[in-house]
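Notes for the one structure printed next.
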Amino acid sequence: MRTVWKFPFPIARQIVVQMPAGAEMLHVAEQHGTPTIWALVDPKAMMVNHYFVLSGTGALVDESLNGEFIATFFQGQFVWHLWRARGQP
């Protein structure tokens, strides 16, 4: 049985978020001023670090990261793009 959990994260170039292994990203948005990931998770799965990279519109994207695009979200006047680092859970 899986459920949806939310995971707040900071605005930073590199982000580490603890989530259950196998978490499936569903949505990214700002909630009450805080960027948040909603993911479908197995609550019994082991908690592991998930690694992300955040870039703003117009910023260079380090293609050597070979990241998996997760979502674009808005925070005030800023537009952010979240990538999961390849090779990570």
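Springs between alpha-carbon pairs under 10 angstrom, Gaussian network model over the chain: which of 60, 26, 40 fluctuates most?
Result: 60 has the largest fluctuation of those listed.
How high is the relative contact order of the chain, given as a whole-number percent (alpha carbon pairs under 8 Å, six or more residues apart)?
Numbers: 192 pairs, mean separation 26.2, N = 89.
Dividing the mean separation by the residue count of the chain yields 29 percent.
Where a number appears in this text, it was derived from the coordinates with a stated rule and is not lab data. Only a predicted model underlies this, so the values are computations on that prediction, with no experimental measurement involved.
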